[in-house]
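To keep things clear, I will list the structure first and then write my remarks on it.
Every read-out reported here was derived from the displayed coordinates using simple, explicitly stated rules and does not represent laboratory data. Everything numeric in this text was worked out from a predicted model, so none of it was measured. Here the Cβ positions follow ideal geometry from the backbone for every residue, glycine too, while neighbour counts run over all protein chains shown.
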């Protein structure tokens, strides 16, 4: 997930002028945790 956020940040710098990769990572993890089983979701802190 972190590599995806960094890749998106790289593309953002090149094409859009940049954004924070950490924010992209946190948003991605929040989206992933929506589909995770509750007992696993409790182990993930974002």
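Considering every alpha-carbon pair of the chain, the percent of pairs per 10 Å bin, from zero through the bin containing the longest distance, is 29, 42, 22, 8. Placing dummy labels 7 Å off each Cα toward the beta-carbon, the span from residue 26 to residue 12 is 1.2 nm. The stretch between residue 1 and residue 44, if pulled fully straight at 0.36 nm per residue, gains 14.2 nm over its current Cα-Cα span.
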